[in-house]
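Have a look at the structure below, then the notes.
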Amino acid sequence: MPDLIWWGITVLLLVVEAIGIAVYLTRKTAAATQQQIALVEKDAAGRIRQAQEETQRAQEDAKTRQKEMVLQAQEERLRMRTEIEAEFRDQRVQLQTMEQRLQRKEETLDRKIEALDSRERKIQAREKESEQVKAQLENAQQEQQRTLERIAGMSAEEAAARLMQQVEQEVAQDVARRARELELQLKEEADIRARKVISIAIARAASDYVPEITVTTVPLPNEEMKGRIIGREGRNIRAIERATGVDLIIDETPESITLSAFDPVRREVARRTLQKLIADGRIHPARVEEVVAKVQQEMDVHIREEGERAAYEANVQGLHPDLIKLLGRLSFRTSYGQNQLHHAIESSRIAAAIAAEIGADINVAKTATLLHDIGKAVDHEVEGPHALIGADIARRLGRSQKIVHAIAAHHSEEEPQTVEAWIVQAADALSGGRPGARRDSVEHYTKRLEALEGVANSFEGVERSYAIQAGREVRILVKPDRIDDLGAMRLARDIVKKIEETLEYPGQIKVTVIRETRAVDFAK
């Protein structure tokens with residue numbers, strides 16, 4: 001029990017001591033805090049005083065700057081006012097000067113108006129005098145005319161008509177005589193020049209030429225081959241016709257088959273197919289389709305090579321691949337027995353030579369001439385003249401307007417407007433019209449001569465006409481009592497125009513009108 005009391009008193013003393021220590025520490029901390037607060041308040045007061053001083057200085061600076069700005073604005077206003085007043089004075093001086101000038105001009109105009117009025121009054125007076133003189137002259141002319149009519153026994157209208165008739169006759173005779181002289185002179189000069197140009201062109205482009213025709217007959221090794229080509233119930237021949245688009249004609253002709261088609265390329269494919277089938281010996285529908293496909297590939301390559309060869313020989317570069325193919329197709333097309341691709345190459349060379357001689361555009365001339373018949377490669381598929389078809393193709397494939405026009409005008413479907421278009425016409429005629437270039441049937445030849453003579457005989461005053469030189473010249477004898485020399489010249493031109501409008505012919509046709517006057521008398 002005494003131990004417990006002792007421990008209690010000890011604990012109580014410890015608690016009292018702890019409380020005293022805590023009170024001491026609290027008081028000491030509060031004193032330090034009050035000192036710090038006093039220091040902070042003193043520092044803040046110093047900063048406030050510094051801020052107030054800076055604010056006061058800023059306000060004083062602002063007032064000073066404001067005063068300076070006000071002074072500068074006043075100075076600027078004064079300067080601007082001075083400048084405006086000076087400018088205003090200058091404008092006032094200029095206005096005064098302009099007013100003085102206008103016043104002087106008004107005075108000058110007033111003087112000129114007065115002078116014009118004076119002249120107008122003088123002119124009116126002179127006009128009155130002129131009218132009086134004119135009236136007197138008219139009276140004198142009328143009197144003179146009545147006197148002349150009385151002396152001549154005819155009116156003025158009749159005399160004027162007779163004089164006009166005489167003048168017209170004299171002028172017509174002079175014009176006709178002068179026209180004939182000029183025509184003869186120009187014809188001589190043109191003939192000399194044309195012969196020179198054409199001879200040079202032909203000499204440069206001269207080549208041996210054998211007329212070709214597309215082969216339409218396939219020879220057979222024996223008659224038995226016909227049956228094998230026909231096949232059982234005709235299945236082989238139907239397969240060939242269906243695959244190639246060509247009609248096979250098997251008739252009584254021994255050891256041959258005739259091919260019929262408008263497309264020369266298809267006809268050539270059929271010919272090569274038959275030759276391969278005959279050489280191979282295996283003829284049945286499946287084999288036919290296989291051979292036709294192979295031949296068509298070979299033909300595509302051959303056509304492209306032929307077109308490239310033609311462009312190379314004609315020295316024409318930069319052609320579209322489709323134009324190359326169309327050129328190659330012309331190698332299987334003929335006209336009057338003349339191979340169209342050879343004709344295009346030859347014509348292009350002639351056109352280039354002519355263009356070089358006369359100073360025309362050589363590239364346009366030779367390119368247009370090489371392409372002038374490309375419409376014939378597709379004319380069995382497209383309706384219209386081959387010249388316009390070819391021109392449309394060339395336009396779509398990027399050729400120039402000059403080349404397109406020359407192609408369209410080479411058979412006068414369009415009127416030639418450029419010298420290159422005339423060159424294409426001339427080169428085409430020279431290549432197709434030269435001897436040996438084309439073959440023609442006797443019937444067609446005879447009809448062409450009869451048509452020429454018929455055109456000549458259709459004119460009044462023609463006595464007889466003769467087509468000579470294979471239809472390249474027509475000579476016309478006229479009745480001398482019906483047609484005079486001037487009428488003969490007009491008749492030649494009229495016949496030429498009608499031939500150009502109504503007939504188709506290669507090259508050119510010379511028209512010669514002959515008027516013969518015979519004086520006959522008898523000695524008794």
**Prompt:** Does residue 146 count as of a type in the set (D, E, K, R) and modelled with pLDDT of 85 or more?
**Reply:** no
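Quick check: is even one residue across region 376-393 basic (Lys, Arg) and not in a helix (DSSP H, G or I)? Before the answer, list the steps.
Here is the first cut: in region 376-393, the residues basic (Lys, Arg) are 376.
If we keep only those that are not in a helix (DSSP H, G or I) too, we end up with none.
For region 376-393, residues basic (Lys, Arg) and not in a helix (DSSP H, G or I): absent.
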**Item:** Options 159, 140: the member that is modelled with pLDDT under 85 and under 60 Å from the mean Cα position of the chain (by Cα)
**Value:** 159
**Message:** I need every pair where a residue in region 505-524 that is of a type in the set (Ser, Thr, Tyr) has its Cβ under 8 Å from the Cβ of a residue that is open to solvent by 100 Å² or more (accessible area, probe 1.4 Å) and at pLDDT 70 or above, sequence separation at least 6 or different chains.
**Reply:** 512/475
**Asked** What helices (runs of 4 or more DSSP H), lying completely within region 253-352, carry at least 3 residues that are open to solvent by 10 Å² or more (accessible area, probe 1.4 Å) and more than 24 Å from residue 239 (Cα to Cα)?
**Response** 285-313, 321-329
**Prompt:** If you check every pair at least six apart or on different chains, which have Cβ atoms under 9 Å apart with a residue in region 311-336 that is within 17 Å of residue 428 (Cβ to Cβ) first and a residue that is of a type in the set (A, V, I, L, M, F, W, C) and open to solvent by 40 Å² or more (accessible area, probe 1.4 Å) second?
**Reply:** 334/213
**Request:** Find all pairs meeting these conditions: Cβ atoms under 6 angstrom apart; at least six residues apart or on different chains; first residue within region 45-60 and free of Cβ contacts under 8 Å to residues at least 24 places away in the same chain and open to solvent by 100 Å² or more (accessible area, probe 1.4 Å); second residue among the β-branched types (Val, Ile, Thr) and not in a helix (DSSP H, G or I).
**Result:** none
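Every residue, every condition in (1) at pLDDT below 85; (2) surrounded by fewer than 20 Cβ atoms within 10 Å (Cβ to Cβ); (3) farther than 19 Å from residue 347 by Cα, yes or no:
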position	(1), (2), (3)
395	no, yes, yes
407	no, no, no
415	no, yes, yes
418	no, yes, no
431	yes, no, no
**Request:** Consider only pairs whose beta carbons are under 9 Å apart and that are at least six residues apart or on different chains; among these, list those whose first residue lies in region 240-251 and is over 13 Å from residue 265 (Cα atoms) and whose second residue is among the β-branched types (Val, Ile, Thr) and surrounded by fewer than 17 Cβ atoms within 10 Å (Cβ to Cβ).
**Result:** 247/258; 248/258; 249/258; 250/258; 251/258
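So, in region 433-448, of the ones that are at negative phi and either outside any helix (DSSP H, G or I) or open to solvent by less than 40 Å² (accessible area, probe 1.4 Å) (or both), which residue ends up modelled with the highest pLDDT? If you could, list the steps in order and put the result at the bottom.
Here is the first cut: in region 433-448, the residues at negative phi are 433-435, 437-448.
Cutting the leftovers down to either outside any helix (DSSP H, G or I) or open to solvent by less than 40 Å² (accessible area, probe 1.4 Å) (or both) gives us 433-435, 437-441.
Working: 433: 62, 434: 55, 435: 50, 437: 50, 438: 53, 439: 50, 440: 49, 441: 49.
Out of the qualifying residues, it is 433.
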**Request:** For residues that are among the hydrophobic types (A, V, I, L, M, F, W, C) and in a helix (DSSP H, G or I), scanning just region 493-517, find the one that is most open to solvent (accessible area, probe 1.4 Å).
**Result:** 496
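The values are calculated or read from the model by the stated rules, or taken from the named source; none is laboratory data. Keep in mind the model is a prediction, meaning the values are calculated, not measured. Because the Cβ atoms are built from the backbone with ideal geometry, glycine has one as well, and the counts that use them run over all protein chains shown. For accessibility, only protein heavy atoms count, side chains too; no ligands or nucleic acids. Shrake-Rupley method; radii C 1.70, N 1.55, O 1.52, S 1.80 Å.
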